[in-house]
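To start, the structure itself, in structure tokens.
The values are calculated or read from the model by the stated rules, or taken from the named source; none is laboratory data. Given the structure is predicted, the values throughout are model-derived calculations rather than measurements. Glycine also receives a Cβ, built like all others from the backbone with ideal geometry; neighbour counts cover every protein chain displayed.
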Amino acid sequence: MQKLFHIATRGPGLYEFTREVRGWLADLDCDQGLLTLFVRHTSCSLLIQENADPEVQDDLQAFFSRLVPPSTHPSMTYLRHTYEGPDDMPAHIKSALLPVSLSIPITDGALTLGTWQGIYLFEHRDAPHRRQIIAHISG
């Protein structure tokens, strides 16, 4: 079973889509299995992260912005791939450091996420994008 999710972003940050995945799963007759999520882009990532306190998402965004600043930052003058904008190559670096796929067990027809865990697309580019995430359930 597969589904393509589309996530609209408005710039850098974490975009939770746990509700959409749970809604799709509720419509299926799947008691047990393994959900694999895979993002079809090279400048964003997928994360399972705390969804109770929005400061967690803000702090993650701030950390990765400091870790990998735009190519216009003095510490990034070594970058050569800059023609797609100062945020592009740093976005590829962040995507290389973070996961682009996730595996989540399904038990009794539900995701086995922890109490405060949510599924996020982590957008690394400055401009809005429409990201595609393929979901696959194997049994």
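For the reader, a short list of remarks on this structure follows.
- Residue match in segment 126-138 (condition: of a type in the set (Ser, Thr, Tyr), farther than 26 Å from residue 19 by Cα and over 18 Å from the mean Cα position of the chain (by Cα)): no
- Annotation: of all residues in segment 118-138 being modelled with pLDDT of 95 or more and under 21 Å from residue 28 (Cα atoms), the one that is surrounded by the most Cβ atoms within 10 Å (Cβ to Cβ) is 119.
- Subset of segment 64-81 that is over 15 Å from residue 44 (Cα atoms) and aliphatic (A, V, I, L, M) - its residue that is nearest to the chain's Cα centre (by Cα): 67
- Qualifying residues in segment 70-117 (those that are surrounded by 11 or more Cβ atoms within 10 Å (Cβ to Cβ), β-branched (Val, Ile, Thr) and over 24 Å from residue 133 (Cβ atoms)) - the one modelled with the lowest pLDDT: 82
- Hey, residue 45 touching a residue at least 12 places away in the same chain (Cβ under 8 Å), within 20 Å of residue 90 (Cβ to Cβ) and part of a strand (DSSP E or B) or not: yes
- One residue stands out in segment 73-122 among those that are assigned to a loop (DSSP other than H, G, I, E, B) and in contact with a strand residue (DSSP E or B) (Cβ under 6 Å, 6 or more places away or on another chain): the one that is farthest from residue 22 (Cα to Cα), namely 98.
- Among the residues of segment 102-116, those that are over 9 Å from residue 33 (Cα atoms) and among the polar types (S, T, N, Q) comprise 103, 112, 115.
- The set of residues in segment 1-15 that are more than 24 Å from residue 138 (Cβ to Cβ) and either touching a Phe, Trp or Tyr at 6+ places or on another chain (Cβ under 9 Å) or among the aliphatic types (A, V, I, L, M) (or both) comprises 8, 9, 12, 13, 14, 15.
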